[in-house]
Amino acid sequence: MTYTKFGEFMRVLRVQHHEVMGDVSKLLGVSTPFLSAVENGRKNVPDEWFDIIAEHYALSDDEIADMKMAAENSRNQVKITLSKSENYQREVALQFARSFEGIDEDTAEKIMALLKRSGNN
């Protein structure tokens, strides 16, 4: 079974605390299949889970940061709100979305460097 970074993070917590997926799904108020879908990357991690997990496992600030980073790295969708965007920003976002699957590693590195230079990292 393939887990995302968030799924790996949660699996370690469950093992350390002698819990199974069903225990955690009850804690989060979701079905076990939904939790599994999140851990396997078919669904994004709901934001409201962070506080519940942090409190239940008494996570340190560093562990909370690690959990949030793992969740961010496990996202399968990203939503961009364009309602307050300028036309040029809309064009860039839409062109990026259309071109995304064809971007190679070299191009991705160039885009990241450009964004970091403009202060949007």
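The values are calculated or read from the model by the stated rules, or taken from the named source; none is laboratory data. Because the structure is a prediction, the values reported are computed rather than measured. Quick reminder, even Gly has a Cβ in these numbers, built from the backbone with ideal geometry, and neighbours come from all protein chains shown. Calculation scope for accessible area: heavy atoms of the full protein, side chains included, ligands and nucleic acids excluded. Shrake-Rupley method; radii C 1.70, N 1.55, O 1.52, S 1.80 Å.
Can Lys26 be described as surrounded by fewer than 15 Cβ atoms within 10 Å (Cβ to Cβ), over 16 Å from the mean Cα position of the chain (by Cα) and not in a helix (DSSP H, G or I)?
Details: surrounded by fewer than 15 Cβ atoms within 10 Å (Cβ to Cβ): yes; over 16 Å from the mean Cα position of the chain (by Cα): yes; not in a helix (DSSP H, G or I): no.
Taking the combined requirement at face value, the residue does not satisfy it.
Can you say whether Ala37 is open to solvent by less than 100 Å² (accessible area, probe 1.4 Å), under 17 Å from the mean Cα position of the chain (by Cα) and either farther than 30 Å from Val15 by Cβ or in contact (Cβ under 8 Å) with a residue 40 or more places away in the chain (or both), as far as the supplied structure shows? Full working, then the answer.
On the way: open to solvent by less than 100 Å² (accessible area, probe 1.4 Å): yes; under 17 Å from the mean Cα position of the chain (by Cα): yes; either farther than 30 Å from Val15 by Cβ or in contact (Cβ under 8 Å) with a residue 40 or more places away in the chain (or both): no.
Spelling it out, it is not the case that Ala37 is open to solvent by less than 100 Å² (accessible area, probe 1.4 Å), under 17 Å from the mean Cα position of the chain (by Cα) and either farther than 30 Å from Val15 by Cβ or in contact (Cβ under 8 Å) with a residue 40 or more places away in the chain (or both).
For the range 61-80, what are the residues that are of a type outside the set (A, V, I, L, M, F, W, C), open to solvent by less than 50 Å² (accessible area, probe 1.4 Å) and over 8 Å from the mean Cα position of the chain (by Cα)? Write out each step before concluding.
The initial filter retains those residues of the range 61-80 that are of a type outside the set (A, V, I, L, M, F, W, C), namely 61-63, 66, 68, 72-77, 79.
With open to solvent by less than 50 Å² (accessible area, probe 1.4 Å) added as a condition, the list becomes 74.
If the condition is that a residue be of a type outside the set (A, V, I, L, M, F, W, C), open to solvent by less than 50 Å² (accessible area, probe 1.4 Å) and over 8 Å from the mean Cα position of the chain (by Cα), then no residue fits.
In the range 46-57, what residues are part of a helix (DSSP H, G or I), under 17 Å from Val15 (Cβ atoms) and either in contact (Cβ under 8 Å) with a residue 40 or more places away in the chain or under 16 Å from the mean Cα position of the chain (by Cα) (or both)? Give the derivation first.
So the first thing to find is which residues in the range 46-57 are part of a helix (DSSP H, G or I), and the list is 49-56.
This time we only want the ones that are under 17 Å from Val15 (Cβ atoms), so: 53, 56.
Of everything in the range 46-57, just one residue is part of a helix (DSSP H, G or I), under 17 Å from Val15 (Cβ atoms) and either in contact (Cβ under 8 Å) with a residue 40 or more places away in the chain or under 16 Å from the mean Cα position of the chain (by Cα) (or both), namely Ile53.
Quick one: Leu82 ticks every box in (1) part of a helix (DSSP H, G or I); (2) touching a helix residue (DSSP H, G or I) at 6+ places or on another chain (Cβ under 6 Å) except a single one, so which number is it?
(1)
Among the candidates Val30, Val24, which residue alone is of a type in the set (Val, Ile, Thr) and in contact with a Leu (Cβ under 9 Å, 6 or more places away or on another chain)? Outline the logic, then answer.
Values: Val30 fails: in contact with a Leu (Cβ under 9 Å, 6 or more places away or on another chain).
None of the other options fit; the residue is Val24.
Quick grid of which residues meet (1) in a loop (DSSP other than H, G, I, E, B); (2) touching a helix residue (DSSP H, G or I) at 6+ places or on another chain (Cβ under 8 Å); (3) loosely packed, with under 10 Cβ neighbours inside 10 Å:
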{"position": "Arg42", "(1), (2), (3)": "yes, no, no"}
{"position": "Tyr88", "(1), (2), (3)": "no, no, yes"}
{"position": "Val92", "(1), (2), (3)": "no, no, no"}
{"position": "Gln95", "(1), (2), (3)": "no, no, no"}
{"position": "Glu101", "(1), (2), (3)": "no, no, yes"}
{"position": "Ala108", "(1), (2), (3)": "no, no, no"}
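Is it the case, given these coordinates, that Ser60 is without any contact (Cβ under 8 Å) to a residue 24 or more places away in the chain and among the polar types (S, T, N, Q)?
Criteria met by Ser60.
Tally the residues that are over 17 Å from the mean Cα position of the chain (by Cα) and not aliphatic (A, V, I, L, M), restricting the search to the range 1-23.
Qualifying residue count for the region: 7.
Given the criterion touching a residue at least 24 places away in the same chain (Cβ under 8 Å) and among the charged types (D, E, K, R), identify the matching residue among Lys43, Lys26, Lys68, Lys79.
Values: Lys26 fails: touching a residue at least 24 places away in the same chain (Cβ under 8 Å); Lys68 fails: touching a residue at least 24 places away in the same chain (Cβ under 8 Å); Lys79 fails: touching a residue at least 24 places away in the same chain (Cβ under 8 Å).
Answer to the selection: Lys43.
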